[in-house]
Amino acid sequence: MRGEGGGVNRQRRAVLASLGTAMLFGVVAAAAPARAAAIRCDDTVGAAVSTELGIHRPPRLDRPTVVDTAFRIVELTDIDVRKGHFQFQAYVDFAWCDRRLTFDPKEMGSELRAFVGADALKKQGEIWSPDLAMVNEVSGIQVRKRELTIRSDGRVRLRGLFSAHLAANFDLRRFPFDSQILPIQVESFAWSEDTVTFRTIPEGIGVRQDFELAEWRVGDVTSEMMSVARAMGDKSFARLEIHIAIERRAGFYLWKAVLPLFLIVGLSWTVFWIPDGLSGRIRLSATVILTIVAYQFAMAADLPKVAYVTLFSAFTTVSFVSVALTVLVNIIVFYRQDQGSETAVSRSDRVSRWLVPVIYLLSVAAVAMFYLG
């Protein structure tokens, strides 16, 4: 009797510990009513269930075990477009049914067996689990909090606070007005889609409501189920992909890069109001070119280093060409002046005062339409 009482007390302490840990999962708990309906084990009653208990025997023999999944993103940091990775932190919730783990709640004194921290990791190693992994992981996954619960009907629930560095492919052609997709790819490492499939819990995929980033605006978080084949073998594996849509806040680049470059190019057009002297005009144009070069060096650290041409780099090239065009016009004007055509010089200045800016603005508009249109 004493041994049974000690077991009940230990179980009650575990339940209380799990309740304390559950307070840390407040964001995930907001979707609890939807989850409760999604992860019932009633559909396994009477099904072909494995009778051998072990980590190498899946619960179902007649069809795949469905893993209900919830992701609630709480942090996105270190979004590095140069290295092609990002870091996320999320409350993650996985649930599946294994009727081999059913028990009599009257004997246990509780409907729930709960394991927290190291005990949860140890228990997970003793039972069957879907052996989940993040395919696009760059560095090791850190589990800050972990909880494993087993209900009397065999419902297993594994949840925790996870963080990891993941790889992503960034398309920066529209920089600094670009939008990106941050993928989280979840897949069973050991079990093919004949054994494990995924199902997202209604309203279980999303971000924290007060979540904001300085440089990015977070959009929709969606999920997609797919079947993928690996490099070796003929088996296909079920994969759950969670897509986090982000859009760059372009204000920094507009005020610190685009507007100053517009002003520098506009300064180069003042040469058409200088009445005489080729040297003075060339000096001003050369000063503007050197200013743009210095500006490029100053902005280099904030610009993506990619092989293809981005919207911003195309805009910079058009600005360089515009300044070079003013130098070419000056040379032509003073060549005609040496030929004794003073009237032609005056007429060339008057035409250049509006023609060169119009050509520049139309070129900028064409670049913007090409990349954004």
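State whether the residues of segment 249-268 include one that is surrounded by 14 or more Cβ atoms within 10 Å (Cβ to Cβ), more than 30 Å from LEU311 (Cβ to Cβ) and not hydrophobic (A, V, I, L, M, F, W, C).
No, the conditions are met nowhere in segment 249-268.
Working carefully through the options GLY117, GLY109, find the one that is modelled with pLDDT of 80 or more and either closer than 26 Å to ALA133 by Cβ or aromatic (Phe, Trp, Tyr) (or both).
GLY117
Of the conditions (1) outside any strand (DSSP E or B); (2) touching an Asp or Glu at 6+ places or on another chain (Cβ under 8 Å), ARG239 clears all except one; give me its number.
Evaluating ARG239 over (1) outside any strand (DSSP E or B); (2) touching an Asp or Glu at 6+ places or on another chain (Cβ under 8 Å) leaves (1) as the failure.
Keeping to segment 277-315, report how many residues are in contact with a helix residue (DSSP H, G or I) (Cβ under 9 Å, 6 or more places away or on another chain), among the polar types (S, T, N, Q) and surrounded by fewer than 19 Cβ atoms within 10 Å (Cβ to Cβ).
The number of residues fulfilling the criteria is 3.
Among the residues of segment 244-301, write down those that are without any contact (Cβ under 8 Å) to a residue 24 or more places away in the chain, of a type in the set (A, V, I, L, M, F, W, C) and outside any helix (DSSP H, G or I).
Correct list: ILE274 only.
Could you say which residue among LYS106, LYS123 is part of a helix (DSSP H, G or I), surrounded by 15 or more Cβ atoms within 10 Å (Cβ to Cβ), without any contact (Cβ under 8 Å) to a residue 40 or more places away in the chain and out of contact with any helix residue (DSSP H, G or I) (no Cβ under 6 Å at 6 or more places or on another chain)?
LYS123
SER163 - would you say it is surrounded by fewer than 20 Cβ atoms within 10 Å (Cβ to Cβ) and modelled with pLDDT under 95?
Answer is yes for this residue.
Please count how many residues of segment 302-328 are assigned to a loop (DSSP other than H, G, I, E, B), touching a Lys or Arg at 6+ places or on another chain (Cβ under 7 Å) and either within 21 Å of SER352 (Cα to Cα) or aliphatic (A, V, I, L, M) (or both).
Total satisfying the criteria: 0.
Using the structure shown, decide if ARG113 is over 20 Å from THR69 (Cα atoms), in a strand (DSSP E or B) and basic (Lys, Arg).
Taking the combined requirement at face value, the residue satisfies it.
Check segment 171-192 and report whether any residue there is surrounded by fewer than 19 Cβ atoms within 10 Å (Cβ to Cβ), part of a loop (DSSP other than H, G, I, E, B) and within 14 Å of the chain's Cα centre (by Cα).
yes
Looking at the structure I just gave you, is VAL92 closer than 30 Å to VAL218 by Cα and of a type outside the set (Ser, Thr, Tyr)?
yes
Output the residues belonging to segment 132-152 that are surrounded by fewer than 18 Cβ atoms within 10 Å (Cβ to Cβ) and of a type in the set (D, E, K, R).
GLU137, ARG144, LYS145
Go through segment 193-205 residue by residue and tally those that are at negative phi, assigned to a strand (DSSP E or B) and not aromatic (Phe, Trp, Tyr).
Counting residues in segment 193-205 that are at negative phi, assigned to a strand (DSSP E or B) and not aromatic (Phe, Trp, Tyr) gives 8.
I need the full set of residues from segment 304-349 which are in contact (Cβ under 8 Å) with a residue 12 or more places away in the chain, within 32 Å of the chain's Cα centre (by Cα) and farther than 19 Å from LEU361 by Cα, in order please.
Once the filter is applied, which keeps residues that are in contact (Cβ under 8 Å) with a residue 12 or more places away in the chain, within 32 Å of the chain's Cα centre (by Cα) and farther than 19 Å from LEU361 by Cα, segment 304-349 yields PRO304, LYS305, VAL306, TYR308, VAL309.
The values are calculated or read from the model by the stated rules, or taken from the named source; none is laboratory data. Quick caveat: nothing in here was measured; it's all calculated off a predicted structure. Here the Cβ is made from the backbone with ideal geometry for all residues, glycine too, and neighbour counts use every protein chain on show.
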